[in-house]
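Peer 1: Below you will find the structure I want to go over with you.
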Amino acid sequence: MNIEQVRDYTLSLYGVTEDQPFGDDILTFRLEGKIFVCLWLGGGKHDMKDSSEPRLALKLSPERNIELREQFSAVTPAWHWNKKHWSDVYYEQLEDTLVQEWIKESYLLVASKLSKAMRQKYIKGA
């Protein structure tokens, strides 16, 4: 996937909004105001010293983060986020279907934490 495909796919999920609360170099994607994906646009204050490869940060369960980090070298602890709950994903190194699956998994994780009434509209929309 390229950066536009990541953005388009994430925005295609029901109820997703995007904004840039951390500056011009990061797009955040939210469900009911809760961030579930951060897409690094390159450069700026969120640039890592050792890597400028395209990446996104995903919120996943702690167990899932451990599993993915052990299985894929393109998944690492998130640089600017809680490393227990967030992983950096170097999406250009992975198959598109995996990246989409994990974005949706992050979306559904956030949806599962919403109130019952809200949760149902997003689980059905996914």
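The values are calculated or read from the model by the stated rules, or taken from the named source; none is laboratory data. Everything numeric here is computed off the predicted structure, so don't read it as measured data. FYI the Cβ positions are ideal-geometry reconstructions off the backbone, even for glycines, and counts take in every protein chain you see. Accessible surface areas use protein heavy atoms only, side chains included; no ligands, DNA or RNA. Shrake-Rupley method; radii C 1.70, N 1.55, O 1.52, S 1.80 Å.
Peer 1: Would you point out the residue of the range 2-45, among those that are open to solvent by less than 70 Å² (accessible area, probe 1.4 Å) and on the phi > 0 side of the Ramachandran plot, that is modelled with the lowest pLDDT?
Peer 2: Among those that are open to solvent by less than 70 Å² (accessible area, probe 1.4 Å) and on the phi > 0 side of the Ramachandran plot, it is GLY44.
Peer 1: Let me ask something else about it. For residues that are among the hydrophobic types (A, V, I, L, M, F, W, C) and over 20 Å from ILE3 (Cα atoms), tally how many sit in the range 61-78.
Peer 2: Result for the range 61-78: 2.
Peer 1: Going through the range 79-108 one residue at a time, which ones are over 14 Å from VAL6 (Cβ atoms) and in contact (Cβ under 8 Å) with a residue 24 or more places away in the chain?
Peer 2: TRP79, HIS80, TRP81, HIS85, TRP86, SER87, GLU105
Peer 1: Then there's this: Looking at the range 88-108, which of the residues that are of a type in the set (Ser, Thr, Tyr), within 22 Å of GLU53 (Cβ to Cβ) and touching a strand residue (DSSP E or B) at 6+ places or on another chain (Cβ under 8 Å) is most open to solvent (accessible area, probe 1.4 Å)?
Peer 2: Ranking the qualifying residues of the range 88-108, first place goes to TYR90.
Peer 1: Let me ask something additional. State the number of residues belonging to the range 67-82 that are more than 18 Å from GLN100 (Cβ to Cβ), at pLDDT 95 or above and surrounded by 14 or more Cβ atoms within 10 Å (Cβ to Cβ).
Peer 2: 3
Peer 1: Follow-up. Select from the range 15-35 the residues that are outside any loop (DSSP other than H, G, I, E, B) and in contact with a His (Cβ under 6 Å, 6 or more places away or on another chain) and list them in ascending order.
Peer 2: ILE26
Peer 1: Considering (1) open to solvent by 60 Å² or more (accessible area, probe 1.4 Å); (2) modelled with pLDDT under 95, say which one HIS85 fails and leave the rest.
Peer 2: Only one criterion is unmet by HIS85, namely (2).
Peer 1: How about the range 109-126: which of its residues are free of Cβ contacts under 8 Å to residues at least 24 places away in the same chain and open to solvent by 70 Å² or more (accessible area, probe 1.4 Å)?
Peer 2: Result: LYS116, ALA117, ARG119, GLN120, ILE123, LYS124.
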